[in-house]
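Here the structure comes first, spelled out in structure tokens, and everything after it is commentary.
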Amino acid sequence: MNQLLESLNPVQLEAVQHNEGPLLLLAGAGSGKTRVITYRIAHLIQDHGISPFNILAVTFTNKAADEMKKRIDHLVGDVSQHVWASTFHSSCARILRRNINQIGYDRSFTIYDSKDQMMLIKDVLKTLQVDEKLNQPKAIQNRISMAKNRFIRPTEYGEKISSQFPNNPFEEAMPVYYEQYQNQLRDNNALDFDDLIILTVDLFNQSADTLEYYQDKFRYIMVDEYQDTNHCQYLLVRALAAKHHNICVVGDDDQSIYSFRGADINNILDFEKDYPEVTTMRLEQNYRSTKNILDAANEVIGNNNIRKSKRLWTGNKAGTSIGLYRGFDENDEANYIIKKITERRKLRSTKYNDCAIFYRTNAQSRALEEALRYENIPYQIIGGHRFYERMEVKDILAYLKLIINPADTVSLRRIINVPRRGIGATSLGRLEDYARQRRISTFEAIEQVETISAIKAGTREKIHKFGQLIKLFQPSSSPLSVIIDLLEESDYLEQFEKDGSIEARSRIENIQELVSAIARYEEIDSEATIAGFLESVTLASDIDGMADENDVVTLMTLHSAKGLEFPVVFMVGVEEGLLPHINSTGSKEELEEERRLCYVGITRAQKQLYIANAMRRRTGRNFESRVPSRFIDEIPPDLFDQISEYQPPERKLVSSFDPDEEEMDGGYFVGQIVFHVKFGRGRIARIIGVGGSARITVRFDRSGERTLMAQYANLQIA
């Protein structure tokens with residue numbers, strides 16, 4: 001261990017060797033914070049004799065937690081398995097699996113993902129006879145989540161939130177929606193993501209013995225990305241650390257960018273008030289980026305007032321200057337990026353997976369995707385449609401959820417007639433009415449279906465068979481054996497095998513991949529359970545699905561980029577209205593968060609940073625003029641290379657016509673994106689001639705290459 005400690009810089013070494021009392025580590029971007037956390041854990045175990053059973057390390061993504069586990073294992077070997085290194089939600093799920101019965105829940109609870117929550121909210125609105133168009137389920141879901149993050153219950157919602165919005169019917173109705181939603185969760189023996197945290201805090205508040213057990217178990221607590229914690233997570237950590245005060249929080253207030261999810265920057269800013277005896281250290285040496293990139297980042301973030309003072313520095317070289325391009329529109333902006341990626345691959349052997357493109361809003365990806373597809377450049381979008389959200393995968397997961405938790409009505413409703421069994425919505429409604437009248441679960445009603453005269457005899461038999469199918473499987477059985485037998489007994493695959501279409505084959509492949517995922521899970525976890533697999537799936541984040549090994553360009557929002565790094569970074573749409581976003585410019589606090597978002601984007605770059613924006617951007621059918629972002633003005637001009645701007649390309653003409661002929665070619669040029677009513681979207685490849693008789697060759701996305709005469713082409717400028 002001593003040899004390893006020699007590799008640390010002085011501040012890192014001091015942080016690793018601090019073993020008693022609260023510690024605040026203000027860790028700048030790329031300063032080696034994960035290294036400090038893992039070395040500190042190893043130092044506690046090897047040099048201070050602390051049992052790994054007494055150490056808790058929490059972070060926010062499974063990817064970060066897995067990286068932490070690998071590093072600890074490398075440092076201390078097999079004993080690392082006894083350190084609780086996981087996400088907040090996974091840690092709380094583990095605590096609740098053991099203790100939730102103490103607050104009135106069954107330990108076989110299901111965890112609902114966002115889509116399950118939406119279904120439940122729609123059920124609530126239907127029960128209350130409320131029009132979804134007037135009270136959007138997504139808005140209700142967001143309000144409930146925000147309330148839970150702030151540790152606000154349905155009975156408190158009116159006083160603490162609705163009162164801030166006088167004469168607002170939606171907010172006035174929210175306490176009712178929230179209460180009904182929570183009651184439905186309870187009836188289904190289900191928890192949403194936020195419940196994992198809030199119910200663990202409840203458990204600790206209501207059971208002093210349980211709290212003391214975990215306080216003594218976790219005598220040493222480390223929290224990564226502390227700036228991203230919400231109030232409920234703050235209460236959780238404070239409760240666990242209250243007895244021994246051996247808490248180390250690591251974070252960077254300059255990277256606090258998730259207030260829309262409930263993150264409270266004051267948790268890290270006020271840590272020294274919560275623990276007056278705290279030791280505070282600053283990790284300011286950056287190992288990731290060039291000096292030019294860091295200088296730009298420091299100058300931008302230095303304009304914020306709500307922050308702890310720090311300035312990143314590096315022993316790395318100055319590196320190349322920052323590229324700055326002002327394009328004509330979003331298509332020109334995208335073409336500039338494609339050009340730079342192509343140039344770098346040819347001249348500097350840059351791989352596609354060295355390159356990342358960041359944008360403020362998901363809608364900005366459209367032009368980028370089109371340009372990448374046109375040039376046959378492979379790419380991946382982080383935060384797009386994920387494997388576990390596909391219909392057939394969700395269906396099988398619903399079966400597994402129902403097997404371990406028959407009270408899960410949302411999952412039951414999803415698959416009671418999948419594949420088709422002849423159990424229609426009317427029969428299901430009567431089954432649920434029967435359950436409500438007798439205050440039992442829908443599955444319990446299934447077990448009594450023979451007594452429900454309102455349902456036809458033939459349908460009763462089908463419902464009974466469905467119930468028997470679910471009861472065939474034991475929740476404690478091997479997940480792999482269950483899914484294999486389930487696919488056989490349910491005839492789920494048969495519907496796609498009979499179809500035979502490409503889409504059906506794709507769905508079969510997805511199900512086979514799910515089986516493979518469960519097999520891999522069993523190989524990794526010697527105590528594998530269905531509940532454990534479902535938790536690992538439900539708690540997975542977008543970043544966890546990132547394909548590290550594939551040579552593809554990565555596209556993502558700036559919010560998704562935090563925690564990552566790439567040799568080459570393109571930040572697009574760096575203009576007023578996008579970055580900073582138009583919704584954030586009216587508030588000083590929100591504007592500062594936008595600046596932090598810009599800072600996060602800049603500091604992801606290791607070797608080269610490009611910043612791009614557009615003179616105009618399409619909004620619906622119209623174009624809006626755009627102004628470069630104020631954040632660009634905060635970067636010293638000498639850090640940029642020669643600023644590039646859009647230059648209209650010269651037409652490539654082969655003229656065999658009278659030069660005085662009246663031009664009717666509409667001002668087309670090679671490379672221009674156009675749209676045709678019949679052939680769709682395309683790009684102009686060649687123009688031969690001038691005027692109305694010019695022949696324009698267009699490569700259409702769907703219709704291939706077509707040659708049209710200018711005066712009859714009727715091409716619209718895209």
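The values are calculated or read from the model by the stated rules, or taken from the named source; none is laboratory data. Note that the structure is a prediction, hence the values are computed from the model and not measured. Cβ atoms come from the backbone with ideal geometry, glycine included; neighbour counts cover every protein chain shown. Note: areas computed on protein heavy atoms with side chains; ligands, DNA, RNA excluded. Shrake-Rupley method; radii C 1.70, N 1.55, O 1.52, S 1.80 Å.
Annotations for the structure displayed:
- Against the rule of thumb 2.2 N^0.38 Å, how large the Cα Rg of the stretch 354-423 comes out: 1.71
- Label point of Ser481 set 7 angstrom out along Cα-Cβ; within the stretch 386-414, amide nitrogens under 18 Å from it belong to 400, 403-404.
- Computing FRET efficiency as 1/(1 + (r/R0)^6) for Met391 and Met709, where r is the C-beta to C-beta distance and R0 is 45 Å, gives about 0.45.
- Shape of the stretch 556-629, Cα gyration tensor, a/c cut at 1.5: oblate
- Gain in span if fully extended, Glu369 to Lys122, counting 0.36 nm per residue against the direct Cα distance: 85.5 nm
- Computed E for Gln164/Asp270 - FRET, C-beta separation, R0 22 angstrom, nearest 0.05: 0.45
- The stretch 262-289 and the stretch 387-428 have Cα centres separated by 46 Å.
- Farthest toward positive dipole pole in the stretch 160-235 [+1 Lys/Arg, -1 Asp/Glu at C-beta], among Tyr177, Leu211, Val201: Leu211
- Full extension of the chain between His48 and Glu489 gives 153.3 nm of extra length, using 0.36 nm per residue less the Cα-Cα distance.
- For q = 0.12, 0.24 Å⁻¹, Debye-computed log10 I/I(0) when each Cα of the stretch 400-469 counts as one equal scatterer: -0.25, -1.11
- Aspartates and glutamates whose Cα lies under 20 Å from that of Lys346, excluding same-chain neighbours fewer than 8 positions away: Asp354, Glu375, Asp551
- For Lys462, the lysines whose Cα comes closer than 19 Å to its Cα, not counting residues fewer than 8 places off in the same chain, are Lys471.
- Here the label points at Ile440 and His74, each 7 Å from Cα along the C-beta direction, are separated by 5.7 nm in the simple model.
- Residue ranking by accessible heavy-atom surface, 1.4 Å probe, largest first, among His245, His676, His74 comes out as His74, His245, His676.
- The stretch 143-175 residues near the modelled Leu134 label - backbone nitrogen below 12 Å, point 7 Å along Cα→Cβ: 169-170, 173
- Using C-alpha pairs below 8 Å separated by at least 6 residues, the relative contact order for the stretch 136-228 is 24 percent.
- Using a Förster distance of 45 Å, the FRET efficiency for Ser207-Ala504 (Cβ separation, nearest 0.05): 0.30
- Net charge of Cβ neighbours under 13 Å - reference Pro628; Lys, Arg +1; Asp, Glu -1: -1
- Relative contact order (%) - the stretch 362-486, alpha-carbon pairs under 8 angstrom, separation at least six: 20
- Descending principal axes extents, the stretch 74-181, alpha-carbon based, whole Å: 60, 28, 27
- One decimal place: the segment Gln448-Leu5 gains 152.9 nm when fully extended, by the rule 0.36 nm per residue minus the C-alpha distance.
- Cβ-placed point charges (K, R +1; D, E -1), dipole of the stretch 271-323 about Cα centre in debye, nearest 20: 180
- Of the three principal axes defined by the Cα atoms of the stretch 1-160, the extents in descending order read 68, 35, 28 Å.
- Members of Lys33/Lys63; Lys115/Lys678; Lys340/Lys562; Lys562/Lys607 lying beyond 26 Å, as alpha-carbon distances in this model show: Lys115/Lys678
- Tensor-based shape of the chain (alpha-carbon gyration tensor, a/c under 1.5 rounded, otherwise prolate or oblate): oblate
- Relative contact order computed over the stretch 253-318 (Cα-Cα under 8 Å; 6+ residues apart), in percent: 39
- Between the stretch 44-86 and the stretch 103-158, the alpha-carbon centres lie 35 Å apart.
- For the residues Lys456, Lys462, a 1.4 Å probe over the protein chains yields an accessible-area ranking, largest first, of Lys456, Lys462.
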